[in-house]
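There's a structure below that I have some questions on.
The values are calculated or read from the model by the stated rules, or taken from the named source; none is laboratory data. As the structure is a prediction and not an experimental result, all values here were calculated from the model. Reconstructed Cβ throughout: ideal geometry from the backbone, glycine too, with neighbour counts over all protein chains shown.
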Amino acid sequence: MSGPQERLVTQLAQIKDLSGLSLRSLARESGLSSSSLSRYLTGRLVPPWEAVVALCRAVQKDPRPLRAIWAAASEAGPAPAPRRNDLPGDLFDFTGREAESAEVEKLLRTVGAAVVDGMAGVGKTSLALHVAHRLAPAYPDGGLYLDLQGFTPGQEPLDPQVALGRLLDGLDVTHPPAGAAERAALWRSELSRRRALVVLDNAADADQVRPLLPGAGRSAVLITSRNRLVSLDGVPPVSLAPLDDADAARLFGRAAGVALGADDARLFGRAAGVALGADDAVEQVLSQCGGLPLALRMAGARLRHRPGWSVAVLAERMRDNAGRFDAVFGMSLQQLDAAQRRLFCLLGVLPGVDFDDGVAAALWSADPQDLLEELVDAHLVEETSPGRYRMHDLIRRYAADLAATEEADIPGHLRRVFDHYLARAVAQDRILPSPHRPRPEPGDPARALAWFDLEYVNLVACFDAAVRLGADELVAGLPPAMRVWFFRHRGTGDQTRMLAAAADAAGRLGRERQRASLLADLGFALAAAGRLPEALAAYESARRSADLAMESSADLALGSPERSDDLAPESSDGLGREPVERSDDLAATLALRTGFVRRDLGDFVAAQADFRRARKLFEQQGNRAGQAQAIAFDGWVTLRLGTPDAAVSLALAALELADGPARIPGLLTLGVARASTEPLHQALALAEQHHLAHNEAWCHNCLGIVLRETGDPSAALDHHRRALELLRPLAEVQLEIDCLRAYAETCAVAGRPGDAGPALDRVRELTRVASGT
């Protein structure tokens, strides 16, 4: 360990060893939170000097010798995370563009931003990736790449809010806030602590890009677009024209695999800038390609795979086609046999941005490997990594146009793709551990989550295509298969619309049980986002569907494929936001969740009735965890209704039934009712042990409330701030509102009304965003 931050970590670890205390005990002794202390000791966060002093005092050590080490560590920042690189590979045959590349590199070094614009096929992405790879050593925190789908056939341009969610996910911020402004602020904050290069490819316009720009700091952004983004302040443009004659000939020669020799003198003479006659074959080929690198590579690949051809033969074949792109694309198609041509056409209508050979097999109904290799060789398909492919937007549109006239059953092929994605999603989901699935199927959960991360954009694109085609099996089945993944990525912005569409599809299929489960999940997502009236409406619809399902056995009689372990809604942790145990009774879960919403709305009498109904239903099932939650929250609202002794009794009853993190709501109710911090610290330890960040925030907020009420507003403010810090990357709007209100109250008690105002302003903004007003 050689850096200043590493040296500080070593010193802090020695202090912990000297203390002889556990992490939690040392945190308590020094007045720090155990989660913060853990971050200090692992190097994820540089502590403030006051925290270093507090730790030294806890072991009666003079902090002054550590001042220089701490100052150097603070200047250097946290130890860098492992380098991340999402950039697609550089082209081996990148040719020319020396002046443009130099200009882009200069802008990235000086301004930290540049936009490369130009017509389709002119090589914008190739230039951006070439520069990004050249500059990689200057950005030690890696490179992020995102296709904004501004001109992708069959796809809507990526919404900035969705794009921010994906970019933040690339920085391992998996629960971004729901609002676009909040996400943009978090994105800028995260980049300010890093030195990363962000490539935003295929932008539609300046409005799409503007929220994605980094703020102050050493990170840089490189954008490509077919449009000139003249209104994008602070991002200078670099426009690409088609390649000049010399570079075009050089690229064509490299793509064609033509070696230096006497027979190729004319070709390489042109590459060297020697003037040739208008009737020259190379002149004709380059003219048809129009100086576009995409067309030149395709034409060169055509010649390379026909060793018996001369450039003159190639030129003649290209003259048989009418326009520039038809000349290149149509000529490339001529080298394909019937099977290759048909697969090429079908790939043009495939939803998503890329695909693997398994998707191609589903589309083709056979092993397509040999066909794909031929398409790659012809530059009609790009193999971005082994077994993974994509098509240039121009080629995709060309293929889709051909498919519309040549393929009779496009919906049938797409349905096979839908079935493939659904089967894969279900299989990966069943590997993931989840409280409602105590025995997951064998497999690597990390690989399963990585599969969802990789395929997420394609899954959403397939879902949307399935909605358009009326493929209700996929529409109803995909969101449940993504439930566990969505729980870890609730800020995606796609979950609520997918669940709503899925519930409608389940209704059309006559599956009321499945529809009820989907509506329960929809209410769950809406409540976490602070959209409380909508959540109540979803729960009420779920209840009606559950009643219909109980009245009829139509789902089973029709041979519905639904499985109880997949469709059963999960009960929740202390916030009603994290599943902790399976519930076989939808009515009990809905009563519990409805109680959470009514509690958040301030209707404590109605919430108490819901919790007591949930308790009764869980008790009938023998579901101890469900009972414990219902009793604990009965105690919570009982406390709010002004009867603390009854609340204590209920909390103790809940703790007798609960184990593990299910004890958290009982402990918090007990701590607040008794104005005692000991149960609250126990709850915090459980939340930290089980990595429940939103529960950690709830615990810190309760500690702030109790400390304020027991006369220590200064310490209370520290806990409120820690709660808000934990909530910053989470999509927990309602909990953030509660914590902000508590923080404002404590500010007022602490004599800091100036800090209360911004907190209440933030409450009003969150409420406005959640209500859509």
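At least 2 residues that are outside the structural domain of ASP147 (by TED's automatic domain parsing) and surrounded by fewer than 19 Cβ atoms within 10 Å (Cβ to Cβ) in each: list the helices (runs of 4 or more DSSP H) lying fully within the stretch 438-511 that qualify.
Result: 445-469, 495-508.
Considering each residue of the stretch 122-171, count those that are in contact with a strand residue (DSSP E or B) (Cβ under 9 Å, 6 or more places away or on another chain), among the acidic types (Asp, Glu) and either without any contact (Cβ under 8 Å) to a residue 12 or more places away in the chain or closer than 23 Å to SER239 by Cα (or both), and give that number.
1
Six or more apart or on different chains, Cβ under 6 Å: which pairs go from a residue in the stretch 400-416 that's farther than 14 Å from LEU350 by Cβ to one that's surrounded by 12 or more Cβ atoms within 10 Å (Cβ to Cβ) and not hydroxyl-bearing (Ser, Thr, Tyr)? Could you list them?
GLU406/CYS345
Which condition from (1) more than 22 Å from VAL597 (Cα to Cα); (2) in contact with a Pro (Cβ under 8 Å, 6 or more places away or on another chain) is the one that HIS691 breaks?
Tallying (1) more than 22 Å from VAL597 (Cα to Cα); (2) in contact with a Pro (Cβ under 8 Å, 6 or more places away or on another chain), HIS691 fails exactly one: (2).
Does the stretch 208-219 contain at least one residue that is part of a helix (DSSP H, G or I) and touching a strand residue (DSSP E or B) at 6+ places or on another chain (Cβ under 7 Å)? Write out each step before concluding.
We begin by selecting, within the stretch 208-219, every residue part of a helix (DSSP H, G or I); these are 208-212.
Of the ones still in play, those that are also touching a strand residue (DSSP E or B) at 6+ places or on another chain (Cβ under 7 Å) are 209, 212.
Yes; the residues of the stretch 208-219 include at least one that is part of a helix (DSSP H, G or I) and touching a strand residue (DSSP E or B) at 6+ places or on another chain (Cβ under 7 Å).
Any idea which of (1) surrounded by 22 or more Cβ atoms within 10 Å (Cβ to Cβ); (2) modelled with pLDDT under 80; (3) on the phi > 0 side of the Ramachandran plot is the one ASP172 doesn't satisfy?
The single condition ASP172 does not satisfy is (1).
So, one more: Run LEU730 past the list (1) under 23 Å from LEU639 (Cα atoms); (2) touching a residue at least 24 places away in the same chain (Cβ under 8 Å); (3) not in a helix (DSSP H, G or I) and report the number of the one that doesn't hold.
(1)
Could you grab the pairs with beta carbons closer than 8 Å, sequence gap of 6+ or different chains, first residue in the stretch 210-224 and within 19 Å of GLU105 (Cβ to Cβ), second one aromatic (Phe, Trp, Tyr)?
PRO214/TRP187; SER219/TYR139; ALA220/TYR139
If you don't mind, there's one more thing I want to ask. Only one residue in ALA588, ALA606 is crowded, with 24+ Cβ neighbours inside 10 Å and either modelled with pLDDT of 90 or more or of a type outside the set (Ser, Thr, Tyr) (or both). Which one? Steps first, answer last, please.
Values: ALA606 fails: crowded, with 24+ Cβ neighbours inside 10 Å.
On inspection, the qualifying residue turns out to be ALA588.
Please report, ordered by residue number, the helices (runs of 4 or more DSSP H) entirely within the stretch 306-413 with at least 2 residues that are within 30 Å of the chain's Cα centre (by Cα) and at pLDDT below 80.
Counting at least 2 such residues, we get 393-406.
What is the one condition in (1) among the small types (Gly, Ala, Ser); (2) at pLDDT below 90; (3) over 27 Å from LEU363 (Cβ atoms) that GLY507 does not satisfy?
For GLY507, the failing item is (2).
Does the stretch 126-169 hold any residues that are of a type in the set (Phe, Trp, Tyr), at pLDDT 85 or above and in a loop (DSSP other than H, G, I, E, B), and which are they?
TYR139
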